[in-house]
Amino acid sequence: MTAPLLEVRDLAVRFATEHGPVQAVDDLTYRIEAGETFGIVGESGSGKTVSSLAVMGLLPSTATVSGSIRFRGEELVGADPEELRRLRGDRIAMVFQDALTALNPVMKVGLQVGEIIAAHHDTSAADRRQRVVELLDVVGIPNPERRAEQYPHEFSGGMRQRAMIAMAIANEPDLLIADEPTTALDVTVQAQVLEVFARIQERTDTAVTMITHDLGVIAGVADRVMVMYAGRDVEQGSVDEVFYAPRHPYTRGLLASLPRLDGGGGRLERIPGNPPSVVLPPGCAFSPRCGFAVAGRCDQEPPARREVAPGRSDRCLRVDEIGSVA
Amino acid sequence: MSEAPPRPEPGVVDAVDAVVGDLLPTAEAVPRTQWQLFRRRFVRHRAAMAGTAVLLLLLVACFGADWIAPAEKGKQDLLAEPAGPSWDHPFGVDQLGRDYLTEVLYAGQVSLRIGLAVAVISTVVGSILGALAGYAGGWVDSALMRLTDLFLVIPQIALLAIALKRFGSSPLVITLVLAALFWMGVARVVRSQVLVIKQREFVEAARAAGASDLRIVARHILPNCIGPITVNATLAVALAIVAESTLSFLGFGVQRPDTSWGNMLTDARGFVGTDLSFLIYSPGLMLLLVTLAINFIGDGLRDALDPQSTR
Amino acid sequence: MFAYSVRRLLVSIPLLIVATFLVFWSVRTTFDPTAKLATSRDSARVRAEMRERLGLDDPIVVQYGRWLGDAVTGDLGTSTRTRQEVSSMVWPALGNTVQLIVWGFGVSLVVAVGIGVFSAVRQYSIPDYVFTALSYVGLAMPPFWFALVASQLLGPGLKDALGLDDPVFYVVGLHSDDGGLDLDYLQHLFLPVLTLTVQIVASWSRYQRSTMLEVLSTDYIRTARAKGLRERVVVGRHALRNALVPVVSVVAIDAGLLFGGLIITETIFSIPGMGRLFVEALTAGDAETVLAWTLVSAVFVIVFNLLADLAYGLLDPRVRLS
């Protein structure tokens, strides 16, 4: 079996804040194979963005990272910053959520896209310019030559997002991390942007990490998915497995709260309670909100991850007792 | 000098925000009044406390000069040799044989009095006019803005100097002239605060309940501006003192035989490069200390009054 | 953007007129040009004649109009104090003042941006704390006192301490004898420019630091790092460009205010510039010179505010359109 493209093992990220240490990610383990689309689902504060920033090496100095992140066999945690810089933008690239604030407002878009190429390859300005126009075309921006000379505020939301994607794929990275790429866009534009991702993956063998809270997006594009809660992974598996046979109560709650197009299902269920706070209760982080929680067990023992099959895992003490939905 | 620590990543912030209050075991269950909260925060600001101590010390020393000063004010001893600081004369003896410390203390009364008076007058006038202009909007507001713009076109020192030449330079006139310039800065700040507050729902609610405009401004809007107004007023004291000193130094402010720190330095200036050059230090040092102290207090006030503060 | 600037300029003109009128009125009602003749023989008649000649009995607005009309054509009147043409006093003085502005400004800008950027990039380091402390002192320091102390310590003080015959730094004027851009000139420039710099740098560097800190925590800086750019490029090309924008406009506006600050510096260091001219003229009751000074400095302020607007538009493309 070939080594996975990205292997994250026991990743933990702790921040030093003025209110004391905050554990943003804990005991996170997952892997991504070359060419696959891996979805990460969770609410705000679940640690999904922070864990990906850890992969990129973009966390601030107040963050302490422990565990292992192996990319193509190379260990990234504690690696030489210069090494990480070389990988960033070249082998691993990231697309951020709000393209308006993520692009430099005083610099032309074409220059910003060209910059990522110049940072990692020796090219002439003319070659770069050509490549930039090609990239803008690939992501579906009309009039790419003209657009390259414009500033970000002259682009529409969808176009800005495409420009960000163009930037990220410029060096044909092995792994593309997309952090909520469609959240800031309207529904029709969302579909177009996802189209772009699909097209890119057709052309190159890029693996994509799709981070989102939108289950619909996952269902549409991902091969495998990981559900995160309070900084931990609570369920992993193929999209079919997780969506049709969810095991963890949180996943089940998420899926149950989705409206159904076919009209059936009656009243929408919701997950009671509030998103996890900084100070976690002892035991399972989800227990305060879990309909299946048993006092004395779930709120005392923190559950460990259990792998029931290769690539299929969950983190719940009662999962076998609860039975599956399907 | 308190700096906020670096922001954690977005996502983490949401989780942190959710329970900030309940988080720490030392969180008080007893509800505190605004005043108590404010006092606690201010006291924790070390620089502000130091500034307060220094300022109080200077105020007591200067206004208590009748009791504290080693010599009589203005008493010249023409037989005494001018000399640098010594045990008998902590600030030295000046060219007319006067004890310099005494002179500095009495001069301080003038400068401090003017500074405080200017701050109070300009704050009161500026707040009222600024609030009215901000609330009323329309031509009243435009008029205020144009008026204040007028006085930004010509350098302030020049304006003040010209006005003092025109209207005289007794301490009272100096106070009024400085206040006449300073109120405009206050008015602009208050006006912009009011513009923001005006939009808030509780103002609409008050209006819907039938409160008159005057009542709204007085009871709802101004009290919400108290924070910035207070901070500004504090800093204005220092600015006014320095302005008076500068004008007095140039010869347009406090005139002899009255002394202020500024005109003491005018005399001292002539002794640069001579044995009496030590005369330039103490009056200026007083100015520096007062300004530093007030700036620190202003900082502490700003932090303590910040409603966004989570502590 | 261009139209906006032109509009601002047009609005400034009435402001200029009203402001200078206020000064005109103040000055005319304070100083009586005929006062000097009070002790001469037959003073009543002679003074009345002079009033007639100078048009001093006309309504104040008419007098002002006359003055403004003359001023606009370059005739700034004749000083009753020195009997010279005011313009012959003003232009050389302006020349000297401009030298101080250029040097003071240039040095301050470079130092302030340098300190501000450094402090932001190395936040919480020891140098950052030192700079912060220094800027507190710099902001609290009364400029005229700093000038005095500096002139004592670095002028005669330094000379005596080193046992020299000539001072290292001069405290009077801009040249020892004839002009020229030589070491002597720099030795004269040092203290006045230092005085100017200290106060300005204290405030500009704080502002630069805070805008830089804001910029460094933005999403687009994170994107720049995510692209794998070297930190040097992230700070120098991306962060600085954005952080300079608000600072430049503050700087340009302050430049207009420099005219006032120079009054102190020139007085203390006896530099024959506009600042000292103002003090001498006002002290002596030389109305014409005071008025000319007011006009020139107001124009200065307006021009610099305009430059600030234009600079903003140049640096920030979002402002440019329409």
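Which one of B:Q156, B:A293, B:A50 is farthest out on the positive end of the charge dipole of chain B, using unit charges on Cβ (Lys, Arg +1; Asp, Glu -1) and the Cα centre as origin?
Farthest towards the positive pole: B:Q156.
What is the local net charge at C:F2, summed over the other residues whose Cβ is closer than 12 Å to its Cβ (Lys, Arg +1; Asp, Glu -1)? Don't skip to the end; give the middle numbers.
Numbers: positive: C:R7, C:R8, C:R320; negative: C:D309.
After counting each charged neighbour, the total is +2.
What does the charge count around B:D99 come to, taking other residues whose C-beta lies under 9 Å from its C-beta (Lys +1, Arg +1, Asp -1, Glu -1)? The partial results should precede the final answer.
On the way: positive: B:K75, B:R98; negative: B:E72, B:D77, B:D88, B:D94, B:E103.
Once all neighbours under 9 Å are counted, the net charge is -3.
If you count, for every residue in B:280-289, the Cβ atoms of partner chains within 10 Å of its Cβ, what is the mean?
Partner-chain Cβ atoms within 10 Å, mean over residues of B:280-289: 4.
Taking amide H positions as placed in the peptide plane 1.01 Å from N, state which residues far from A:V25 in sequence (5 or more) or on other chains have amide H under 5 Å from it.
Sorted by chain and number, the residues that satisfy this are A:V13.
Looking at C:V172, C:L262, C:A161, which one has the Cα that reaches farthest to the positive end of the dipole of the stretch C:90-320 (charges on Cβ: Lys, Arg +1; Asp, Glu -1)?
The Cα lying farthest towards the positive end belongs to C:L262.
For the stretch B:228-275, what's the relative contact order in percent, using C-alpha pairs closer than 8 Å and at least 6 residues apart?
On the way: 32 pairs, mean separation 12.4, N = 48.
This gives 26 percent for the stretch B:228-275.
For peptide A:105-117, compute the average count of partner chain beta-carbon atoms within 10 Å of each residue's beta-carbon. Write down the numbers at each step before the final one.
On the way: counts 8, 10, 7, 1, 0, 0, 1, 5, 1, 0, 7, 6, 1.
Taking the mean over all residues of the peptide, I get 4.
What is the magnitude of the charge dipole of the stretch A:203-263 about its Cα centre, with +1 placed on the Cβ of each Lys and Arg, -1 on the Cβ of each Asp and Glu, and no other charges, expressed in debye to the nearest 20? Please report the intermediate quantities before stating the final value.
Values: 6 positive and 8 negative charges, 29 e Å.
The dipole magnitude comes to about 140 debye.
Which order do the peptides C:263-271, C:180-188 come out in when sorted by mean C-beta neighbours inside 10 angstrom, highest first?
Numbers: C:263-271: 24.3, C:180-188: 13.3.
Ranking the peptides C:263-271, C:180-188 by packing returns C:263-271, C:180-188.
What list of ³J(HN,Hα) values in whole Hz, one per residue of the stretch B:246-256 in order, does the Karplus curve 6.51 cos²θ - 1.76 cosθ + 1.60 (θ = phi - 60°) give from phi, with Gly and Pro shown as x?
Karplus values, whole Hz, x for Gly and Pro: 4, 5, 5, 4, 6, x, 9, x, 4, 9, 4.
Dipole of the protein assembly as shown (Lys/Arg Cβ +1, Asp/Glu Cβ -1, origin at the Cα centre): which of A:M94, B:P283, C:V72 lies farthest to the positive side?
C:V72
Per-residue counts of other Cβ atoms within 10 Å, averaged by peptide: what ranking do you get for A:204-216, C:301-313, highest first?
For the peptides A:204-216, C:301-313, the packing ranking is A:204-216, C:301-313.
So for chain A, averaging the separation of alpha carbon pairs under 8 Å that are six or more residues apart and normalising by length, what relative contact order in percent results? Numbers along the way, then the final one.
Values: 601 pairs, mean separation 63.8, N = 326.
RCO, chain A: 20 percent.
Using the beta-carbon distance between C:L158 and A:E18 and R0 = 51 Å, what value does 1/(1 + (r/R0)^6) give for FRET efficiency, to the nearest 0.05? It would help to have the intermediate numbers written out before the result.
Details: r = 47 Å, r/R0 = 0.91.
Result of the calculation: an efficiency of 0.65.
Along Cα→Cβ, 7 Å out, is where each label goes; now give me the distance between the ones at A:D186 and A:Y244 in nm to one decimal.
3.5
Work through the residues other than C:G313 whose Cβ is under 13 Å from its Cβ and net out their charges, Lys, Arg +1 and Asp, Glu -1.
On the way: positive: C:R8, C:R318, C:R320; negative: C:D309, C:D316.
Every neighbour counted, the sum reads +1.
Rounding to the nearest 10 and keeping the result within 0 to 90°, find how far the Cα-based axis of helix A:109-120 lies from the longest principal axis of chain A.
80
State, to one decimal in nm, how far the label point of C:V110 lies from the label point of B:V60, with both points 7 Å from Cα in the Cβ direction.
Rounded to a tenth, the inter-label distance reads 4.9 nm.
Tell me which residues come under 5 Å, amide H to amide H, from A:M94 once H is placed; ignore anything under 5 positions away on its chain.
For A:M94, whose amide H was placed from the backbone, the distant partners under 5 Å are A:G89, A:I177.
Magnitude of the Cβ-charge dipole of the protein assembly as shown, K/R +1 and D/E -1, about the Cα centre, nearest 20 debye? Present the calculation step by step, with values, prior to reporting the outcome.
Working: 85 positive and 98 negative charges, 387 e Å.
Its charge dipole is roughly 1860 debye.
Order the peptides C:162-168, C:139-145 from the highest to the lowest mean number of other Cβ atoms within 10 Å of their residues. Could the numbers behind the result be given before it?
Numbers: C:162-168: 10.7, C:139-145: 22.6.
Ranking the peptides C:162-168, C:139-145 by packing returns C:139-145, C:162-168.
What's log10 of I(q)/I(0) for chain A at q = 0.13, 0.14 Å⁻¹, Debye sum over Cα points only, no solvent?
The Cα Debye sum returns log10 ratios of -1.00, -1.14.
Only Lys, Arg, Asp and Glu count, each charged at its Cβ (+1, +1, -1, -1), so figure out the dipole size of chain C about its Cα centre, rounded to 20 debye. Could the numbers behind the result be given before it?
Numbers: 26 positive and 27 negative charges, 292 e Å.
For this selection, approximately 1400 debye.
For chain A, with a Gaussian network of springs between Cα atoms less than 10 Å apart, report the residue from A:V95, A:V294, A:V196 with the top mean-square fluctuation.
Of A:V95, A:V294, A:V196, the Gaussian network model singles out A:V294 as fluctuating most.
Just tell me how shielded C:144-154 is by partners: mean number of partner chain Cβ atoms within 10 Å of each residue's Cβ, no decimals. Show your work: numbers first, answer last.
Details: counts 11, 16, 2, 1, 10, 7, 0, 5, 10, 3, 0.
Counting other chains' Cβ atoms within 10 Å and averaging over C:144-154 gives 6.
Given a Förster distance of 41 angstrom, what is the FRET efficiency for C:S270 paired with B:R39, based on the Cβ-Cβ distance and rounded to 0.05?
On the way: r = 51 Å, r/R0 = 1.23.
In this case the efficiency is close to 0.20.
Measuring from label point to label point, each 7 Å out along Cα→Cβ, what is the C:V303 to A:R72 span in nm?
Spacing of the two 7 Å Cα→Cβ label points: 6.0 nm.
Every number here is computed from the coordinates shown, using simple stated rules; none is lab data. Only a predicted model underlies this, so the values are computations on that prediction, with no experimental measurement involved. As a convention, Cβ positions derive from the backbone with ideal geometry for all residues, glycine included, and neighbour counts pool all protein chains shown.
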